[in-house]
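The values are calculated or read from the model by the stated rules, or taken from the named source; none is laboratory data. Given the structure is predicted, the values throughout are model-derived calculations rather than measurements. Cβ coordinates were reconstructed from backbone atoms using ideal geometry, including for glycine residues, and neighbour counts include every protein chain displayed. We work out accessible area using only protein heavy atoms, side chains counted, and drop any ligands, DNA or RNA first. Shrake-Rupley method; radii C 1.70, N 1.55, O 1.52, S 1.80 Å.
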Amino acid sequence: MVGDFLSLSLVSLSAIFFVVDPFAAIPFFLAITRDDGAEERRATALRASVTAGLVLASFALAGAWLFKVLGISLGAFKIAGGVVLLLLALDMIRTQPSRTRITEGEVEAGAGKEDAAIVPLGMPLLAGPGSIATVIVLMSRARAGPWWHALPVLGAIAVTAVACFLILAGAARTERVLGRTGLAILERAAGLLLVALAIQFVLDGLAEGLPRLFGGA
């Protein structure tokens, strides 16, 4: 049980952290908070991270119920989520701003808002379509096993939210230490892992949605 718990925790944390990707959020965070002081940035980072954590946890817990209400099969959602995640991952590999994550218009609108912590920083910058799809799929896998399989997913969301706060609170320092090259390398590495995760989501969705075709697999 301990070995399974650690394995599930590692898989969940790596998947959620890399798709949220707080390092990729640094340039947007700095642009939106460019007129703020250090303390204001820390406060904004805290509210944005808490917002992202609550949004992801809510979708993880309520995703299955939402599908039943809307009449959407989990297989169909896995395919849709995989496609969204693939678009995000390809932009990360090319180290170009992903419109799937946030648009230039949202960044400019956020810079002009009195408080941009919830929108657009918390959502959709951190808790965007890709990360929401990821936590829903991970939780659906967890619910196929014992009840405690859900704990690593929720724990990974909490750890990722804490990491987002620490990274964004020190965004200016992190950018100086890593530089543009370092951030680009991290983004490409995360993007490569997310490509594999996105394809796995699509394959899982096809296996569930087309049982006749994959029945012998």
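Between I185 and A43, the distance separating the two model label sites (each 7 Å from Cα on the Cα→Cβ line) works out to 3.7 nm.
Here the chain has an Rg and Dmax of 17.5, 60 Å, counting Cα atoms alone. Test of understanding: extend the Cα→C-beta vector of V83 to 7 Å, then name every residue of region 175-207 with backbone N under 14 Å from that spot. Under cut-off, by backbone N: 199, 202-203, 205-206. When the Cα convex hull of region 79-163 is projected onto planes of every orientation, the mean area is 6.6 nm². Look at the dipole of the chain built from charges on Cβ: of Q96, P27, V137, the Cα furthest out on the positive end belongs to V137. Here is the list for region 111-217: GluC sites (Glu not before Pro) lying in DSSP coil, each with at most 10 other C-beta atoms within 10 angstrom of its C-beta, are E114. Other residues whose C-beta falls under 15 angstrom from the C-beta of G179 contribute a net charge of +2, scoring Lys and Arg +1 and Asp and Glu -1. In this calculation the C-beta distance from V162 to V119 is compared with R0 = 25 Å, giving a FRET efficiency of 0.75.
The HN-Hα couplings worked out from phi for region 38-55 by the Karplus form 6.51 cos²θ - 1.76 cosθ + 1.60 (θ = phi - 60°) are 4, 5, 5, 5, 5, 5, 5, 4, 5, 5, 5, 5, 5, 4, 4, x, 5, 5 Hz, whole numbers, x standing for Gly and Pro. With a simple spin-label model that places each label point 7 Å from the Cα along the Cα-to-Cβ direction, the separation between R143 and V69 comes to 1.3 nm. Take each peptide in 39-46, 148-155, count the other Cβ atoms within 10 Å of every residue, and average; sorted highest first, the result is 148-155, 39-46. Measuring nothing but protein heavy atoms, the accessible surface of region 48-168 at 1.4 Å probe radius is 71 percent carbon and sulfur. If you wrap region 50-104 in the convex hull of its Cα atoms and look at it from every side, the mean projected area works out to 4.9 nm². About its Cα centre, the chain has a charge dipole of approximately 420 debye under the convention of +1 per Lys or Arg Cβ and -1 per Asp or Glu Cβ, with nothing else charged.
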